[in-house]
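A short write-up of the structure that comes next.
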Amino acid sequence: MKEVIIATKNAGKAKEFQTLLAKKGVEVKSLLDFPHCPDVEETGHTFAENAILKAETMAEYFHTMVIADDSGLSIDALGGRPGVYSARYAGEEKDDQANIAKVLEELKEVPLEKRTARFHCALAVAMPHRRTVVVEGTCEGYITEEPRGENGFGYDPIFYVPQKGKTMAELTKEEKNGISHRANALAKLEKQWNEIINNGE
Ligand SMILES: O=P(O)(O)OP(=O)(O)OP(=O)(O)OC[C@H]1O[C@@H](n2cnc3c(O)ncnc32)[C@H](O)[C@@H]1O
Ligand SMILES: [Mg+2]
């Protein structure tokens, strides 16, 4: 089976890529499988910049094709925050519960109709001796007043998906993969996929 490295240390993301790419007959390895690999500082100001940074650094490190995901939540009432700072919104520990608590506190006075938000995902595919390919996907929703659901990761328990009538964390893995920002970004690689997979190294 063809193997692809996803440059992420986030177990939730890694699992989603495992399911999404298994359908394409691809086995996913994440950086969690390579405990000694270096950390990449996310110094970019956009999701795309950070995805390129992570993918290119790791493609150089591994000497092979690497895909990176930089993603996050943009809340309109907060001027687009937490945005590219989603992982560390409440501190360096990357604590999902603390991040959720901070968002809910900041939105305390904001009525439901003004709690519009979207998840963003930028995917960068870095290949030795080729130009890096970048695609982006989004998913629209609302921020709930309290967390609901046990599935997924990150901000999923407070992200309400109107078309499903549930929070992202109440969706099954298959349902989330049917509508997520990550799946939407990956779908944009569809046409190039065979070329990426066969010529990437
Ligand atoms: O950089 P890597 O190692 O991939 O892992 P990370 O967790 O730091 O990932 P990002 O820098 O892309 O930050 C994304 C954050 O945005 C949030 N996020 C992204 N996608 C999400 C999703 O599908 N559901 C819920 N929250 C998500 C979550 O808090 C992530 O930690
Ligand atoms: Mg990160």
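The values are calculated or read from the model by the stated rules, or taken from the named source; none is laboratory data. All values reported here derive from a predicted model rather than from experimental measurement. All accessible areas refer to the heavy atoms of the entire protein, side chains included, with ligands and DNA or RNA removed. Shrake-Rupley method; radii C 1.70, N 1.55, O 1.52, S 1.80 Å.
A few remarks follow.
- Once the 1.4 Å probe is applied to the protein heavy atoms, the range 25-102 comes out at 51 Å² accessible per residue.
- Whole-Å distance, taken between Cα centres, linking the range 164-201 and the range 18-33: 12 Å
- For the range 1-123, the Rg and Dmax computed from alpha carbons only, in angstrom: 16.1, 52
- Against the criterion of solvent-accessible heavy-atom surface with a 1.4 angstrom probe, H120, H63 sort, most first, into H63, H120.
- Between 0 and 90 degrees, the angle of helix 96-106 with respect to the longest Cα principal axis of the chain falls at about 40 degrees.
- The Rg/Rh ratio for the range 81-201 is 1.04, where Rg is the radius of gyration of the alpha carbons and Rh is the Kirkwood radius.
- Protein accessible area in the chain, 1.4 Å probe - carbon and sulfur %: 48 percent
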